[in-house]
Amino acid sequence: NSYSYNHLKNEVASPDSYYASKVISGEELGAGGFSSPADIVTDENDFVYVLDSENSRVVVLDTALHFSRSIDQFVYGNETLALLKPSGLYVKNGRMYISDTENGRVLIGDCNGHVEKILTRPEGDIFPENITYRPARLVVDQRENVYVLCNGMYYGAVMYNKDGEFEGFYGSNKVEMTFSRLADYAWKQFLSLDAKRKMQ
């Protein structure tokens, strides 16, 4: 039975939020076994793309969920790229975006594995030096701006424009300094360590 927790942290019965209507394995599809599938998306034509992370490939299913093809070769110019534990996938307008997490990059290309652009760790003072660039999830807007959530980073989504240039952080928390906050900060400086702990 489904359950959730109330304000007292006790289990309480709740209606099912969802239920599985069908379970599909890679063997059933004829695509070979999946190993840690990390993401799943559909395109405008209702084709389904499964990011099979540990197998470093993208499995494409047709609208009836039949195996169509597997994309396991990613070519950038004359170089063949290997994925390393990718965790995010997005498909839009015939273009595929992959968060190649452990390689620290985002691959952008067509839906046949031809990579057109690689987004890497942004350069400059804005991006913190002490943070490893590990893109995890991503999404693309109407203007082809790419928003990337990175593991271990809390500045907001890393935003690139359609040319692949770093624009800044999207959705980062900004605290405005007001007189009230400044006064609050000032009087707390006079509290003892014990009093500060009690406040926290």
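The values are calculated or read from the model by the stated rules, or taken from the named source; none is laboratory data. These figures come from a predicted structure and were not determined experimentally. Here Cβ is always computed from backbone atoms with ideal geometry, including for glycine, and neighbour counts include all displayed protein chains. Areas reflect the complete protein model, heavy atoms only, side chains present, ligands, DNA and RNA absent. Shrake-Rupley method; radii C 1.70, N 1.55, O 1.52, S 1.80 Å.
Structure above, values below:
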| quantity | calculated |
| --- | --- |
| Relative contact order, percent, the chain [alpha-carbon distance under 8 Å, six or more residues apart] | 10 percent |
| Per-peptide average of other Cβ atoms within 10 Å, ordering 114-120, 25-31, 98-104 highest first | 98-104, 114-120, 25-31 |
| Long-range amide H partners of C150 with built H, under 5 Å | A136, V158 |
| Nearest-0.05 FRET efficiency for N161 and L84, computed from C-beta distance (R0 35 Å) | 0.85 |
| Computed E for K22/E54 - FRET, C-beta separation, R0 22 angstrom, nearest 0.05 | 0.45 |
| Which label in [x] 18.7, 65; [y] 18.4, 56; [z] 22.4, 69 gives the computed Rg and Dmax of the Cα atoms in Å | [z] |
| Pairwise centroid distance, computed over Cα atoms, of segment 56-128 with segment 16-47, Å | 18 Å |
| Per-residue ³J(HN,Hα) for segment 2-17, Karplus 6.51 cos²θ - 1.76 cosθ + 1.60, θ = phi - 60°, Hz, x for Gly and Pro | 6, 8, 9, 10, 8, 5, 8, 6, 9, 6, 10, 5, 9, x, 4, 7 |
| Rotationally averaged projected area of segment 129-200 (alpha carbon convex hull; nm²) | 7.8 nm² |
| Carbon/sulfur fraction of accessible area - the chain, other protein chains in place, 1.4 Å, % | 49 percent |
| Mean accessible surface per residue for segment 64-185, computed with a 1.4 Å probe while every protein chain stays in place, in Å² | 61 Å² |
